[in-house]
Amino acid sequence: MMAIGPLSPSAGRAASPVFPLGDPWAAWSPEALRHHHDPRLRAIAHASLAPNPQNLQPWVCELHGDNYIILRNGGERRLAASDMPDRQLTVGFGTFSELLIMAAEAEGYAVEMGLFPEGEPWPVLDYRPIAIFTLHRQTPRRDPLLDHILERHTNRTPFDLARSVSIQQLTAIRKATRKPERVHLNLEPGLATKIQDITMRAWDVWMISSPSTRLEVARVTHIGNTAIAAAPYGPYVSDTALKKAAGSITFETLSDPNSVQFKANRTAYRRAIQTGLAHLWIVAPQFDRKGMFDAGRDWVRAHLQAIALGLDMEPHSQALQDFPEIGPYVDELHNALGVSTPARIHMLGRIGYGSAIGPAPRLPVEAHLQS
């Protein structure tokens with residue numbers, strides 16, 4: 001990798017950006033993807049649409065010279081209770097990076113990526129670079145998956161049980177990944193039922209038995225369009241959803257397992273999980289940052305291929321989380337899927353035909369830039 005001069009001190013932190021009120025869904029348009037003058041900004045615009053844990057969008061980018069991008073962890077938005085080692089966050093940096101590379105290649109740039117150039121940060125992500133991207137001119141090469149980026153949304157609706165997913169479709173999804181040997185598939189009903197059962201019980205631990213993880217989700221949820229526009233990241237409840245809700249939605253009702261709204265959310269979640277008859281999971285050979293990062297790269301490619309085939313995907317991270325109470329469920333899931341130590345499952349999700357949904361809010365490109 002070419003030298004780019006001294007980097008910012010590893011001990012530093014990204015400044016917290018200020019978000020002007022605006023359309024929190026504006027990023028999901030062809031115009032938003034192409035209106036920046038710098039091709040690196042156009043690549044970042046694509047990458048900012050990546051799936052990531054709880055939609056926290058922690059990505060911070062520095063532009064250096066004419067052809068460098070340094071990707072860092074902003075540090076402000078993380079799941080300290082449920083994602084203690086920032087495993088899910090690292091997966092999200094992988095999804096972001098894969099879209100960035102795909103978009104840059106379509107613009108006519110070869111991308112050289114140096115991953116964790118100052119070492120893998122432990123026990124949590126710090127401000128050391130996640131990756132340094134060097135762009136070199138080449139003939140444009142457009143990955144067909146990029147054509148579906150504006151259609152890719154995480155679909156949490158119940159899937160249509162009258163429409164079956166075929167092994168041919170699942171095989172095509174696996175083939176679209178960078179490391180297909182790490183991608184595993186299931187259509188067998190008995191195993192699908194096991195996955196559903198473990199996932200639902202793990203959700204109850206995450207959102208009922210463990211107050212710290214339940215409150216963590218409620219705290220990062222934005223309620224109402226005004227709050228979403230002011231901070232377009234994290235889980236959200238739009239004005240439209242508020243009008244349709246079974247009860248009042250407030251921080252208190254979101255965090256109270258006895259509230260009408262909480263019970264309605266749990267019921268809706270279980271209904272969706274129980275329609276998962278086709279599953280995909282991604283395994284890393286060991287528990288390290290690179291395996292997490294690579295799982296993210298493959299997850300977003302699999303998701304885009306599913307969209308290309310007219311399918312939907314939803315991740316099931318509940319039994320893959322990293323807090324003490326969830327440990328037995330992590331072990332149970334690995335045993336059910338035949339994954340032994342030191343290997344680790346980093347992504348699991350259901351695949352099927354869901355109802356039409358809209359996108360999640362996104363920060364503007366400028367919010368991801370750090371000078």
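The values are calculated or read from the model by the stated rules, or taken from the named source; none is laboratory data. Because the structure is a prediction, the values reported are computed rather than measured. Cβ coordinates were reconstructed from backbone atoms using ideal geometry, including for glycine residues, and neighbour counts include every protein chain displayed. Each accessible area value is taken on the protein alone, full model and side chains, heavy atoms only, with ligands, DNA and RNA left out. Shrake-Rupley method; radii C 1.70, N 1.55, O 1.52, S 1.80 Å.
Overview of results
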| item | result |
| --- | --- |
| The stretch 147-192: Cα Rg divided by the 2.2 N^0.38 Å rule of thumb | 1.36 |
| Dipole axis of the chain (+1 Lys, Arg; -1 Asp, Glu on Cβ), positive-most option in ASN265, LEU311, THR154 | LEU311 |
| Viscosity 0.890 mPa s, 25 °C: Kirkwood-radius Stokes-Einstein D of the stretch 77-202 over Cα pairs, µm²/s | 136 |
| Accessible area of the stretch 277-352 divided out per residue, in Å², using a probe of 1.4 angstrom | 29 |
| ARG163-GLU118 FRET efficiency (beta carbon distance; Förster radius 45 Å; 0.05 resolution) | 0.40 |
| Cα shape, the chain, gyration tensor, a/c 1.5 rule | rounded |
| Point-to-point label distance, LYS244-LYS175, nm (Cα→Cβ direction, 7 Å offset) | 3.6 |
| Surface accessible to a 1.4 Å probe, per residue, for the residues of the stretch 40-152, Å² | 30 |
| Cα lying deepest toward the dipole's positive end in the stretch 58-133, options LEU63, ALA106, PHE93, charges on Cβ | PHE93 |
| Charged-residue dipole, Cβ positions (Lys, Arg, Asp, Glu), the chain about Cα centre, Debye nearest 20 | 520 |
| Gaussian network model of the chain, Cα within-10 Å springs - most flexible of GLU107, GLU181, GLU98 | GLU181 |
| FRET E, pair MET84, ALA227, Förster distance 30 Å, beta-carbon r, rounded to 0.05 | 0.65 |
| Mean residue ellipticity (222 nm) of the chain, computed from DSSP H runs ≥ 4 via -39,500 (n - 2.57), nearest 500 | -10500 deg cm²/dmol |
| Calculated FRET value between ASN335 and HIS35, using beta carbons and R₀ = 56 Å, to 0.05 | 0.65 |
| Heavy-atom accessible surface of the chain: percent carbon and sulfur, 1.4 Å | 55 |
